[in-house]
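What follows is one structure encoded as structure tokens, with my remarks underneath.
The values are calculated or read from the model by the stated rules, or taken from the named source; none is laboratory data. These numbers were taken from a predicted model, which means no experiment stands behind them. For neighbour counting, all protein chains shown are included, and Cβ atoms are generated from backbone atoms with ideal geometry for every residue, glycine included. For the accessible areas, the whole protein counts, side chains as well, though only heavy atoms, and no ligand, DNA or RNA atoms are used. Shrake-Rupley method; radii C 1.70, N 1.55, O 1.52, S 1.80 Å.
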Amino acid sequence: MSVPDRLTVPTLGYGAANVGNLFRELSDDEAWAVLDAAWESGIRFYDTAPHYGLGLSERRLGAFLRTKPRDEYVLSTKVGRLLRPNPDHAGGLDTANDFHVPDTLQRVWDFSAEGIRTSLDESRERLGIERIDLLYLHDPERHDLDLALAEALPALEQVRADGEVTAIGIGSMVSEALSASVRAADLDLVMVAGRYTLLEQPAAVDVLPACRETSTGIVAASVFNSGLLASNEPRRDGRYEYGQLPDELWDRLVRIAAVCADHGVPLPAAAIQFPLQSDVVRSVVVGGSRPAQLTQNAEYAAREIPSALWENLAAEGLIPA
């Protein structure tokens with residue numbers, strides 16, 4: 001069954017990790033302003049997870065979306081990690097996971113059928129919203145991919161069969177986990193984080209072909225590669241995932257930026273729109289911790305980009321032909 005038969009997702013979404021205090025603390029008012037800017041910019045697809053700020057992202061997003069008509073937006077969250085009291089809490093923050101929130105809770109992996117349903121129920125409670133449109137298994141390879149394939153994905157299929165959610169999938173930044181999951185279960189959408197971007201496309205080797213074979217759609221996330229593609233003039237000291245940017249990727253980035261400049265296209269606009277050139281990519285989800293970022297990203301997503309840009313990038317071997 002193809003994705004449109006179950007759920008159609010808007011082509012631009014907001015990934016709500018930042019309103020869970022990713023990298024820096026936001027006040028409730030600041031988080032609300034970010035979400036309001038996303039909504040006013042026309043964004044109608046919102047993604048969150050218990051992992052984001054130990055539930056803070058879900059609570060803030062839910063409070064905001066409860067002020068909007070439920071049929072006007074698509075909402076996704078994730079399962080696989082349950083939030084439980086942290087017996088070692090001593091007044092610290094969850095900065096080991098990059099979230100600036102008190103570590104009063106801890107994440108507990110649970111891929112069982114009961115754990116999947118419990119996670120969904122607890123997310124509904126934090127969101128204050130009963131209807132979850134799309135449910136992902138979050139980062140299965142970080143716990144036990146074999147267990148995910150054997151237990152968690154069948155449990156997700158059952159949750160969907162029971163009418164608890166409209167669509168299911170997994171979210172991961174590891175191509176092997178994505179392709180294995182697509183081939184093991186009847187998934188609707190997979191969130192591909194940082195593996196199919198303007199800068200690098202490892203998912204084109206295995207994930208995209210698997211999705212084509214199974215009529216599984218892709219939601220592309222982390223399309224700015226940790227911020228490297230978020231400005232017109234990339235910085236050599238920019239962060240790349242968890243370390244320094246390798247020389248070969250820096251050289252590639254400089255060449256991509258030059259081609260975009262030749263066509264008068266902002267690099268971030270090309271980064272947002274590149275994944276959507278693929279027939280299996282349904283949506284691009286972007287983050288942001290300031291209202292202006294959301295407004296700008298929506299403008300970039302709507303900007304007209306000449307086909308000659310993609311043709312030139314492909315001719316230079318910078319994107320798949």
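How many residues are over 23 Å from Val285 (Cα atoms) and among the hydrophobic types (A, V, I, L, M, F, W, C) if we restrict to region 230-244?
Matching residues across region 230-244 total 0.
Please enumerate the residues belonging to region 108-124 that are without any contact (Cβ under 8 Å) to a residue 60 or more places away in the chain, open to solvent by 40 Å² or more (accessible area, probe 1.4 Å) and in contact with a Gly (Cβ under 9 Å, 6 or more places away or on another chain).
Val108, Trp109, Asp110
How do the strands (runs of 3 or more DSSP E) wholly within region 150-233 filter down when requiring 3 or more residues that are over 15 Å from the mean Cα position of the chain (by Cα) and under 26 Å from Thr118 (Cα atoms): which remain?
Working: elements: 165-172, 189-193, 217-221.
Of the strands (runs of 3 or more DSSP E) lying wholly inside region 150-233, those with at least 3 residues that are over 15 Å from the mean Cα position of the chain (by Cα) and under 26 Å from Thr118 (Cα atoms) span 165-172.
Kindly list the number of the only condition in (1) farther than 28 Å from Leu153 by Cα; (2) part of a loop (DSSP other than H, G, I, E, B); (3) in contact with a helix residue (DSSP H, G or I) (Cβ under 9 Å, 6 or more places away or on another chain); (4) not basic (Lys, Arg) that fails for Pro87.
Unmet condition: (3).
Within the set of pairs 6+ apart or on separate chains, which have a first residue in region 208-232 that is farther than 25 Å from Asp98 by Cβ, a second that is among the small types (Gly, Ala, Ser) and modelled with pLDDT under 95, and C-beta atoms under 9 Å apart?
Going by the 9 Å Cβ cut-off, the qualifying pairs are Ser215/Ser2; Thr216/Ser2; Gly217/Ser2.
Filter region 271-292 down to the residues that are assigned to a helix (DSSP H, G or I), touching a residue at least 60 places away in the same chain (Cβ under 8 Å) and not aliphatic (A, V, I, L, M) and list them by number. First the steps, then the outcome.
Initial filter on region 271-292 (assigned to a helix (DSSP H, G or I)): 271-273, 275-277, 291-292.
Remaining after also requiring touching a residue at least 60 places away in the same chain (Cβ under 8 Å): 271-272, 275-276, 291-292.
Of everything in region 271-292, those that are assigned to a helix (DSSP H, G or I), touching a residue at least 60 places away in the same chain (Cβ under 8 Å) and not aliphatic (A, V, I, L, M) turn out to be Pro275, Pro291.
Yes/no per residue for (1) in a helix (DSSP H, G or I); (2) of a type outside the set (Gly, Ala, Ser); (3) farther than 20 Å from Ala177 by Cβ; (4) at pLDDT below 95:
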{"position": "Pro50", "(1), (2), (3), (4)": "no, yes, no, no"}
{"position": "Glu58", "(1), (2), (3), (4)": "yes, yes, yes, no"}
{"position": "Lys68", "(1), (2), (3), (4)": "no, yes, yes, no"}
{"position": "Arg107", "(1), (2), (3), (4)": "no, yes, no, no"}
{"position": "Ser119", "(1), (2), (3), (4)": "yes, no, no, no"}
